[in-house]
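Everything below concerns the one structure shown next.
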Amino acid sequence: MSEASIKSEAFKGLRLTNTLTRTKEDFVPIDPQNVRMYVCGPTVYDFAHIGNARPAIVFDVLFRLLRHAYGASHVTYVRNLTDLDDKINARALRDFPDLPLNEAIRRVTEKTANQYQADVKALGCLEPTVEPRATEFVQPRADGRADMITLILSLIERGHAYEAEGEVLFDTGSMADYGQLSKRNLDEQQAGARVEVEAHKKNAGDFVLWKASSPEEPGWESPWGRGRPGWHIECSAMASAYLGEVFDIHGGGLDLIFPHHENEIAQSRCAHGTEVMANYWMHNGFLQVEGQKMSKSLGNFYSIHELLETETFGGRKWPGEVLRLAMLMTHYREPIDFSVRKLEEAENTLRKWKRAADSAGRAEGQVPEALVAALSDDLATATAFHGLSQLAGDAGGNVEAAASLKAALLFLGFTLEAAEVDETEVAATIARRLELINAKNWAEADRIRDELLAQGVQLKDGKDPVTGERVTTWEVKR
Ligand SMILES: [Zn+2]
């Protein structure tokens, strides 16, 4: 693709696959002056795993695209931190029994929350507009923003929730079209329920909005006594606190469709009496590691922090932007197989792009329209990256192409710093190549030479003037 053809494609608006309708739709914001998006964040009990990195990266790309299309000050992106969790609560009570509960929880989650923020920053993600913590939205707030207790009260008032045995439950039978997102039919679900309906529930699918705490369990005061909220109500509260009763985009992982997102919708719609909670529901696909489901028992469970800072995956540390590119090489809705090979591929690609972009020198370019067009088609990253590779191919001696590539890399959240060359590694590779040459394995020796060249390392074979032995020197070619 030449520079001319890249410039020829104009921004034609955004199309997104909506899980609510299972179709790709034109994106029409409720208010183009304030495009609003909510994405479910991680539970900050443990360090975030690489599965958590996927929605952070995917929706960061969407955030950047929305800012590009509507203006940076016209997009509000809320990504919460879930610090409401029985395990967190228990530890807060154990470790800080004398502190007020919210403060004790903050102490317990401080390290993991800070680590998450550092992790996603290393992955090239912009900070969301707001990053609310669930604990701050349990009880009515001084600033009058939505909170969980007030939401539950209005659900009871409107006949969508009831108290039973120390719990407040959402009455799924009170909502005619419950199950729209996951396409689960309530009647079928109840008829086929494998578990008997618990005695205090009106319907098998009824879920907890509030749960009483025993004296030794942590809890917040509420109209139903001391207790704690259910999981789903927190996102309903934080979303409406910052985005209003109805907003544009709600995102998260595929695994959240049911029950979490289904129940968020039920709560928000029934509490506010609205037709929808968000107009577009977007879900990223699952993540596997080296072909297997990531699990602690399989020993293939990696935190983002481990990949960035330790040598546990593939025997080396990985730059955040390599993880970012690897994650985006697969379309966000497809399952992704995270592997060392994929990371190596991403690293090579990124190196080539950066080298090509570097030839722009100080010249500034525009974000290529073809890139914006590809991303605008339901975040077609593969098409976008194909265009970048072509641009990189054109960049030799073409400052304009190089400058466009530079702008594209920054737009996508990559830096322009060239990857550092690990001198020890190069020396080891040269030694290995020398052994191959001595063994007359020319093909493999050439392959290694080319591979190094792709990384920007050019080898020069010569002879030692004194001993006459073969010597290989190298230089970084940019
Ligand atoms: Zn959520």
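The values are calculated or read from the model by the stated rules, or taken from the named source; none is laboratory data. Given the structure is predicted, the values throughout are model-derived calculations rather than measurements. Glycine gets a Cβ as well: all are built from the backbone with ideal geometry, and neighbour counts include every protein chain shown. Keep in mind that these areas ignore ligands, DNA and RNA; they rest on the heavy atoms of the full protein, side chains included. Shrake-Rupley method; radii C 1.70, N 1.55, O 1.52, S 1.80 Å.
Cβ-Cβ contacts under 8 Å between residues 6 or more apart (or on different chains), taken from a first residue in the stretch 362-381 that is under 15 Å from residue 16 (Cβ atoms) to a second residue that is outside any loop (DSSP other than H, G, I, E, B) and basic (Lys, Arg), are listed as 376/15; 377/15; 378/15; 378/24. Residue count for the stretch 21-51 under the criterion of being within 16 Å of the ligand (Cβ to nearest atom), open to solvent by 30 Å² or more (accessible area, probe 1.4 Å) and closer than 20 Å to residue 378 by Cα: the result is 1.
Against the test of being of a type in the set (Gly, Ala, Ser), in a loop (DSSP other than H, G, I, E, B) and modelled with pLDDT of 95 or more, the options 236, 222 yield a single qualifying residue, 222.
Among the residues of the stretch 383-412, what is the count of those that are closer than 16 Å to residue 347 by Cβ and not in a helix (DSSP H, G or I)? Of the residues in that region, 1 qualify. Across the stretch 226-246, the number of residues qualifying as away from the ligand (no atom under 12 Å from the Cβ) and either surrounded by fewer than 22 Cβ atoms within 10 Å (Cβ to Cβ) or not polar (S, T, N, Q) (or both) comes to 10. Against the condition free of Cβ contacts under 8 Å to residues at least 12 places away in the same chain, farther than 30 Å from residue 148 by Cα and out of contact with any Ser or Thr (no Cβ under 6 Å at 6 or more places or on another chain), how does residue 295 come out, does it pass? Yes.
Restrict the check to the stretch 257-266 and report whether at least one residue is within 12 Å of the ligand (Cβ to nearest atom), touching a residue at least 40 places away in the same chain (Cβ under 8 Å) and acidic (Asp, Glu). Yes: the stretch 257-266 contains one or more residues that are within 12 Å of the ligand (Cβ to nearest atom), touching a residue at least 40 places away in the same chain (Cβ under 8 Å) and acidic (Asp, Glu).
Checked against (1) under 18 Å from residue 78 (Cβ atoms); (2) in contact (Cβ under 8 Å) with a residue 60 or more places away in the chain; (3) not basic (Lys, Arg), residue 232 passes all but condition (2).
Selection over the stretch 247-256 of residues that are within 13 Å of the ligand (Cβ to nearest atom) and either assigned to a helix (DSSP H, G or I) or without any contact (Cβ under 8 Å) to a residue 60 or more places away in the chain (or both) gives a count of 2. The lone criterion from (1) within 30 Å of residue 359 (Cβ to Cβ); (2) open to solvent by 80 Å² or more (accessible area, probe 1.4 Å) left unmet by residue 442 is number (1). Across the stretch 296-311, what is the number of residues that are among the aromatic types (Phe, Trp, Tyr) and surrounded by 18 or more Cβ atoms within 10 Å (Cβ to Cβ)? So the count comes out to 1. Please determine whether any residue of the stretch 282-305 is in a helix (DSSP H, G or I) and more than 15 Å from the ligand (Cβ to nearest atom). The answer is yes; a qualifying residue exists. Being at pLDDT below 95 and in contact with a strand residue (DSSP E or B) (Cβ under 9 Å, 6 or more places away or on another chain) is the requirement here; does residue 395 meet it? Considered against the rule, which asks whether it is at pLDDT below 95 and in contact with a strand residue (DSSP E or B) (Cβ under 9 Å, 6 or more places away or on another chain), residue 395 comes out as no.
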